[in-house]
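Here is the structure we will look at, set down as structure tokens.
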Amino acid sequence: MINRKCILSVCLCLVMLMLAGCVQARELTEEKQDIIAEYSAGIVLQHADNYKKRLEKQENPVTPEVSQPPQVTAVPENTPEPAQAAGSEEEPALAQVSLNDLYQVSGMNAEYVSYKSCSKYTNQIAAHKGEWLYIVNFRVSNSTKKPLKVDLSKRGIKYLLNVDGSEYQAHPSFLENGGMNFLKTTIPSGASKKAVVVFRVPEKAKNPGSATVTVRDEGKCETEIRLK
């Protein structure tokens, strides 16, 4: 009620001033009239409750809350683990047989006799500098009543010398009968012949702690001979 009375009082005063200064009002420019009207309106609005509330809202605007987008948790992909490499398959162990079962020559009997460690076997077979020779002696016999032809030259039978854990392959002997690893000969009825296998090894291996020879028919069978 008080605000309304104040407003009416101000308006009446303005009207009286305007009427009293009619003569002078004519001399007022339009610009001055606009200033007076704006000032009067400002006084009236200052006493209006609704205007004060609107003004406070404008001066203190409410900042709207910005909603954060929901966080998306990345789901790990089911990456397959690398497959473990398959273990290398071991070669099956070869059957251990006798010399005669390995050679399988009907009517021939083969046996290990002895070995010799030396630097020279014949004039044609001698160790080179820093080398040593192992000469392994075999005896082959003919148990039939007629001459026996023996040919092991194309059989591919291997002879491996093992000296204290180190392995060496046989060398050609260049003997008349080819040596045991390339044996090609004719044995008379009831007779026997000597055949050797020659190994070349480092000179430091001439005094072995242990030595063996493995005779192997590759992929089929083998036999091991302890040298003594």
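The values are calculated or read from the model by the stated rules, or taken from the named source; none is laboratory data. Since the structure is predicted, the reported quantities are computational estimates derived from the model, not experimental observations. Because the Cβ atoms are built from the backbone with ideal geometry, glycine has one as well, and the counts that use them run over all protein chains shown.
Scanning the range 166-176 for residues that are touching a Ser or Thr at 6+ places or on another chain (Cβ under 9 Å) and modelled with pLDDT of 95 or more returns a single hit, E167.
Just so you know, in the range 92-115 the residues that are in contact with a helix residue (DSSP H, G or I) (Cβ under 9 Å, 6 or more places away or on another chain) and of a type outside the set (A, V, I, L, M, F, W, C) include one that is nearest to K228 (Cα to Cα), and it is Y112.
With the requirement that a residue be among the β-branched types (V, I, T) and assigned to a strand (DSSP E or B), what does the range 89-132 give you?
Taking the range 89-132 first, the residues among the β-branched types (V, I, T) are 97, 105, 113, 122, 125.
Passing the criteria: only V113.
Taking the range 212-228 as the range and being acidic (D, E) and either buried (at least 19 other Cβ atoms within 10 Å of the Cβ) or in a strand (DSSP E or B) (or both) as the test, the residues that pass are D217, E222, E224. With the structure loaded, tell me whether K154 is over 16 Å from K206 (Cα atoms), surrounded by fewer than 12 Cβ atoms within 10 Å (Cβ to Cβ) and modelled with pLDDT of 95 or more or whether it fails that test. Answer is no for this residue. Among the residues of the range 173-211, those identified as touching a residue at least 60 places away in the same chain (Cβ under 8 Å), buried (at least 16 other Cβ atoms within 10 Å of the Cβ) and touching a Gly at 6+ places or on another chain (Cβ under 8 Å) are V196, V197, V198. How many residues are assigned to a strand (DSSP E or B) and closer than 21 Å to E218 by Cα if we restrict to the range 133-159? Total meeting the criteria: 6. The one condition from (1) in a strand (DSSP E or B); (2) under 17 Å from E111 (Cβ atoms) that N162 does not meet is (2).
Could you please let me know if V163 is in contact with a helix residue (DSSP H, G or I) (Cβ under 9 Å, 6 or more places away or on another chain), buried (at least 16 other Cβ atoms within 10 Å of the Cβ), modelled with pLDDT of 95 or more and over 18 Å from L99 (Cα atoms)? Yes, satisfied.
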